[in-house]
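The values are calculated or read from the model by the stated rules, or taken from the named source; none is laboratory data. Remember, it's a predicted structure, so these values are computed and weren't measured experimentally. Backbone-built Cβ (ideal geometry, glycine too); neighbour counts: all protein chains shown. What goes into the accessible areas is simple: the full protein's heavy atoms, side chains included, and nothing from ligands, DNA or RNA. Shrake-Rupley method; radii C 1.70, N 1.55, O 1.52, S 1.80 Å.
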Amino acid sequence: MCLIVFAWRPSHALPLIVAANRDEFHARPSLPLAAWEDAPQIIAGRDLQAGGTWLGAGPAGRFAALTNIRAPERPVGARSRGELPERYLRGELSPQAYLTELSGHLQHYSGFNLLAADAHEMWYLHSATGTPQRLPAGVYGLSNAALDTPWPKLVRARSALQQCLGAPETETLLELLGDPRTAADDELPCTGVPYEWEKKLSSVFIASTDYGTRASTVLIRREDGSTELTERRFGPAGPLGERRLSLPPFDEDRGPIQV
């Protein structure tokens, strides 16, 4: 996951709204958004190369999402970062307890940002600092640096989310995730990759033959816990399909419904 903008408003009629793009090499295999066969409580896409996921939802309002920290000069961690959201969604620890426990094992992973939430709290961990942080209500953006680092694409996407919060619609959120505009050269971040890559990665939606936005995901949760997740998938030649799942309110004991 390389760009996430989200509104966390626990006392609102729509307490959680998320719009996120997963950017990855097209050759890396993955499964689309679904309930997992071996863990049907997890609703997420699934990486087939190393396992795990980049964004998903679970029971009792559990939500987790991951972005990598772009730091090409640093050694690759021994363990896959994709297991971090998965382990939270499989487990029962509170967001704070999970991230606090994880903060003692950061040496096993390449740099990452991790969001973990339940129906009441959202917490954030930036692996470079190692200190879990409880997020107050607000509108946030997360890319491949730290929370709300003002990269042009993050600022643009977060502003677009703020503008539609009065009446958020899935199609509007997917539209903001499809923005192909690159940043001006004098606005590009300097993250240690060549200029051509820095330019390519500066758009909200990335399109190229080898690497690009593989999935755009929108999550809208209502006050009763009912949640709609939509994933639009892409390949080198364009859209591959779309899947929409509806999760019931917190007090209803039934699984996701495909709509």
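Whole-Hz Karplus ³J(HN,Hα) for segment 238-247, in order, using 6.51 cos²θ - 1.76 cosθ + 1.60 and θ = phi - 60°, x for Gly and Pro?
So the J values, rounded to whole Hz, are x, x, 10, x, 9, 9, 10, 10, 10, 9.
I'd like the accessible area for Asp148: 1.4 Å probe, protein heavy atoms, all chains in place, Å² to the nearest 10.
Number for this one is 50 Å².
How long is the gain from Glu228 to Arg74 if the chain were fully straight, where each residue apart is worth 0.36 nm and the alpha carbon distance is subtracted?
51.7 nm
Could you sort 4-10, 93-99 so that the peptide with the highest average Cβ count within 10 Å comes first and the rest follow in order? Kindly include the intermediate steps, with their values, before the conclusion.
Numbers: 4-10: 21.9, 93-99: 18.7.
In decreasing order of mean packing, 4-10, 93-99 become 4-10, 93-99.
Per residue, how many Å² of accessible area does the chain show with a 1.4 Å probe?
Solvent-accessible surface per residue comes out at 44 Å².
So if each residue of separation counts as 0.36 nm, and I subtract the Cα-Cα distance between Glu169 and Ser246, what length gain in nm does that give?
26.3 nm
Determine ³J(HN,Hα), in whole Hz, for all residues of segment 157-163 in sequence, where each value follows from phi through the Karplus function 6.51 cos²θ - 1.76 cosθ + 1.60 and θ = phi - 60°; x replaces Gly and Pro.
After applying 6.51 cos²θ - 1.76 cosθ + 1.60, I find 5, 5, 4, 5, 5, 4, 5 Hz.
Provide the packing ranking of 214-226, 195-207, i.e. peptides ordered by the mean count of other C-beta atoms within 10 Å per residue, highest first.
214-226, 195-207
To the nearest 20 Debye, how big is the dipole of the chain about its Cα centre, given +1 on the beta carbon of each Lys and Arg and -1 on that of each Asp and Glu?
280
Can you find, among Ala146, Ile220, Tyr88, the residue farthest towards the positive end of the dipole of the chain? Put +1 on the C-beta of Lys and Arg, -1 on that of Asp and Glu.
Ala146
Show that you can apply the helix-only estimate: for the chain, add -39,500 (n - 2.57) for every DSSP H stretch of four or more residues, divide by all residues, and state [θ] at 222 nm to the nearest 500. Show your work: numbers first, answer last.
Numbers: 5 runs with 42 residues, N = 259.
Helices in the chain give a 222 nm mean residue ellipticity of -4500 deg cm²/dmol.
Averaged across orientations, what area in nm² does the convex hull of the alpha carbons in the chain project?
That works out to 12.8 nm².
Sort 156-168, 103-115 by the packing proxy (mean of other Cβ within 10 Å over each peptide's residues), most packed first.
103-115, 156-168
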